[in-house]
Structure formats: structure tokens, C-alpha cells
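The values are calculated or read from the model by the stated rules, or taken from the named source; none is laboratory data. Remember, predicted model here, so these are calculated numbers, not experimental data. Reconstructed Cβ throughout: ideal geometry from the backbone, glycine too, with neighbour counts over all protein chains shown. Only protein heavy atoms, including side chains, enter the accessible area calculation; ligands, DNA and RNA are left aside. Shrake-Rupley method; radii C 1.70, N 1.55, O 1.52, S 1.80 Å.
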Amino acid sequence: MTRQLRISVGIASAGRPATLLATIDYLAGLRNRPARIIVCVPDIDDAAELDNRLDVELIVGSRGLTCQRNRILRAAVPDTDILIFLDDDFIPAPNFISRMEAVFAHEPDVTIATGEVLADGILGGGLTMSEALEIIETAGERAVLVTDVYNAYGCNMVVRLSAVIEHGLTFDEQLPLYGWLEDVDFSRSIARYGRSVRVAGARGVHLGVKSARQPGLRLGYSQIANPAHLIRKGTMSKARAIAQIGRNILANARGALLGDRSVDRRGRLGGNMLALADLLIGRASPLRILEFGISSNREMSSPSIATKRR
């Protein structure tokens, strides 16, 4: 008889306690709730009083998506088979966990998976929890379809921990703060030992919460420096990285010219240019963004899927 897989959910969050609490309350109320919910925040003020709850394991650790996810990995290892990383504003459908569990149980060569995003609030003004639940209910269910993909997306990234443990895999802490392309880097690392797949039918909604998003200069720099770093590591092909960089620069230049106010296109374009200049003189590094002063040091969140595709 096959042993039932042990499922945990891990959430790295910062600067959005109300959003985090709403997501945790939703997960805790699911009929098929995970065995463990592990949350890592850089400051107790980010924790939405979760330290008083028995149904959540709270870790206070170093700031940065990759650092926080590594803390979650270490905490999950003793008694977790499948770890589901969710953004603090990703709302999975009620059957998301069971469908992912079935895929990992029946397809042992799958090492990492990502689900189907029904809507991404970052494309507009953001979505509320009630709007997300309505979208999920209206969409209904569809048959599960598993297809191979280059990488999982960080807002809902499901990992087989046996592969992580066997090969000593971690998230790259050289990608600081919001960890631009950390999902690509981790996916391509673990995909050396199995399949990276998309599971249509395992659905959810990304709220696209606007608070705690990143200054354009930092993100723009990361859009150039991080792909260059992954090329050097061998976790992103040169052709794919150059295409990604080109799309980012074009999107930022177009947005700056057209006066796009939905995001800081001018700041991003400035960061793009600074990173290109650093590449020319051989000093480009993802860690350089820590040198850029901003008004608040509390900002850390994972960019949306939509942003990563631009």
C-alpha cells in the first residue's frame, strides 16, 4: 500500500500582514488543508499575530525571498514529502492541494510543478479576496493535464523534497530581496533530477496586492543583472536570458515614453541602463541592489508572473 504523501505549505512574506493573515485563514479553513503551514517573515511586525496560533509554524528570519524560502525548506525537511510554496497573495482553489498531491503520487519523476493561474491582479488594480473566490467558483473544475515546462512560477511552486535533500538544493541567496528569477534558477536546478511540469486543473488566483512592491530602480537592475548571473551559473540559457532582458528593456522604454503609471517604468529603465553599464565594466552583480537607498527597508515581495513575462 502506497504511503500518503505529507504535504506542507510554505509562505515567505514581508510588509503585508493583513494580506498574509487573510491567506492563512483561507488555507486553514480548507477541508483538504495541508498538514503544516510554515510562514517565514523578516520581522515579527510582518507576522499578523500568527505567533499566537497553533495551526501555523512561524519563523522570523533574514529578509529576502530566497533566504526566507531556505528557512522554510529547512523547517519542512523532517516530515514533509511535498512542499507547496505560495505567495502571500496567491489563493489556491479548494482542490489545488489534492490535485498536486495526486500528480506527485502517480508521477514519481516529477520534481517540481506549478499550477494554473486563473487571474492575475497585477495586470490591473489588484483583486480582493472575495473577487478571487468568485473567479475560482465561476471557473469551476477542469480535467487535470500535466505538461512539461521550462520552469515553475514562484507564486505557486510545488517541490518534491526528496530531490532537494538528496542533491543538497537551496535557493540562491545571491538573488536578494524579491529574488527576481529565483523560481527559474531553482526550477532548472531541480529539473536536472526529474521533470518540471505545469498542472492545468490545479487552479488559483494571484491577487496582485500593490503594497510592499519594489522601487523601479532596484527591479530594473535585477532584470538585467539576475539573468546574467543565471547564465554564469548555467541555470538559464544565454538565448533565453537575452530574450528576457530585451523584453524587459522594451517594455520599460515603451512604458516610460507612454507615461505608464501602473508601475515605475522610468525607474526600471534607469535600473536597466545602470546594470548594462555595470555589465560592460564587469561589476554587475544581483547584490548591487542592496547599495541603492530607498525610503523604506521593509519592502520585499515576489514580482508577479505577469511582470516576469514582460
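Filter segment 263-292 down to the residues that are outside any helix (DSSP H, G or I) and open to solvent by less than 60 Å² (accessible area, probe 1.4 Å), then identify the one that is nearest to residue 124 (Cα to Cα). Result: 263.
Within segment 65-83, one or more residues are part of a loop (DSSP other than H, G, I, E, B), over 19 Å from the mean Cα position of the chain (by Cα) and either at pLDDT 95 or above or closer than 28 Å to residue 142 by Cα (or both). Residue 29: within 30 Å of residue 264 (Cβ to Cβ) and among the small types (Gly, Ala, Ser), yes or no? No, not satisfied. Taking the criterion of being in contact (Cβ under 8 Å) with a residue 12 or more places away in the chain and open to solvent by 50 Å² or more (accessible area, probe 1.4 Å), the only residue of segment 243-261 that qualifies is 247. Scanning segment 220-242 for residues that are open to solvent by less than 10 Å² (accessible area, probe 1.4 Å) and either polar (S, T, N, Q) or under 28 Å from residue 127 (Cα atoms) (or both) yields a count of 6. Selection of segment 1-33 for residues being closer than 23 Å to residue 106 by Cα and either assigned to a strand (DSSP E or B) or polar (S, T, N, Q) (or both) yields 2, 4, 7, 8, 9, 10, 32. Within segment 118-152, the set of residues being over 11 Å from residue 206 (Cα atoms), polar (S, T, N, Q) and open to solvent by 60 Å² or more (accessible area, probe 1.4 Å) comprises 130, 138. Of all residues in segment 153-169, those satisfying the criterion of being surrounded by 15 or more Cβ atoms within 10 Å (Cβ to Cβ) and either in contact with an Asp or Glu (Cβ under 6 Å, 6 or more places away or on another chain) or not polar (S, T, N, Q) (or both) are 153, 154, 155, 157, 158, 159, 160, 161, 163, 164, 169. Restricted to segment 1-45, and to residues there that are among the charged types (D, E, K, R) and touching a residue at least 40 places away in the same chain (Cβ under 8 Å), the residue that is surrounded by the most Cβ atoms within 10 Å (Cβ to Cβ) is 16.
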